[in-house]
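Have a look at the structure below, then the notes.
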Amino acid sequence: MVNVPKERKTYCASAKCRKHQPHKVTQYKSGKASNFAQGKRRYDSKQMGFGGQTKPVFHKKAKTTRKVVLRLECKKCKTKKQLCLKRTKHFELGAKKAEAGHQY
């Protein structure tokens, strides 16, 4: 289980800052795939007409974890950068830490 705080102080490489600044942390999500990208246009034209499925469909899924990518936004100059973490099954952003010891 990986728990990352919602704010982290790290180096900002933009020309305005060039020093450690507080950054807002969010999890990267890939955007909606475009219908007009070259690969999608080629795939759609190949699929048209008779002949069934033309490209291989992937079934042999082996990985149980995902690589987590963080999106860091500088609070001062709004520059964004990405930071890749290792593979993990469970990822949390800004969850409260449980105190050690017995609780009543």
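The values are calculated or read from the model by the stated rules, or taken from the named source; none is laboratory data. Note that the coordinates shown come from a computational prediction; the quantities given were computed from them, not determined experimentally. Please note: Cβ atoms are built from the backbone with ideal geometry, for glycine as well, and neighbour counts cover all protein chains shown. Keep in mind that these areas ignore ligands, DNA and RNA; they rest on the heavy atoms of the full protein, side chains included. Shrake-Rupley method; radii C 1.70, N 1.55, O 1.52, S 1.80 Å.
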key: Contact order normalised by residue count of the chain, Cα under 8 Å, 6+ apart, percent   = 36 percent
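I'd like to check one number: the per residue accessible area of the chain, probe 1.4 Å, reported in Å² as a whole number. Each step should come with its number before you reach the end.
Values: 9300 Å² over 104 residues.
The answer is 89 Å² per residue.
Dipole size in debye (nearest 20) for the chain around its Cα centre, Lys and Arg Cβ +1, Asp and Glu Cβ -1? Working shown, then result.
Values: 30 positive and 5 negative charges, 79 e Å.
Dipole about the Cα centre, nearest 20: 380 debye.
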key: Beta bridges by DSSP in the chain, antiparallel share as percent, to the nearest 5   = 85 percent
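For the ranges 18-30, 37-49, what's the packing order if you count other beta-carbon atoms within 10 Å of each residue, average per peptide, and put the highest first?
Details: 18-30: 13.2, 37-49: 10.1.
Taking the mean over residues of other Cβ atoms within 10 Å, the ranking is 18-30, 37-49.
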message = Running a GNM on the chain with Cα contacts under 10 Å, which residue among Gly31, Gly52, Gly94 ends up with the highest mean-square fluctuation?
response = Gly52
note = Once the in-chain neighbours fewer than 8 apart are removed, the aspartates and glutamates whose Cα is under 18 Å from Lys6 read Glu73, Glu92
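Expressed as cubic angstrom per residue, what is the convex hull volume of the alpha carbon set of the chain?
Values: hull volume 20.3 nm³, N = 104.
That works out to 195 Å³ per residue.
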request  = Per DSSP H run of at least 4 residues, take -39500 (n - 2.57); add these up for the chain, divide by its residues and hand me the 222 nm value, nearest 500 deg cm²/dmol.
outcome  = -3000 deg cm²/dmol
request  = Check cross-link reach from Lys61 to the lysines: straight Cα distance under 29 Å, and skip same-chain residues fewer than eight apart.
outcome  = Lys29, Lys32, Lys40, Lys46, Lys86, Lys89
request  = Using a 1.4 Å probe over the heavy atoms of the protein chains, calculate the carbon and sulfur portion of the accessible area of the chain as a whole percent.
outcome  = 54 percent
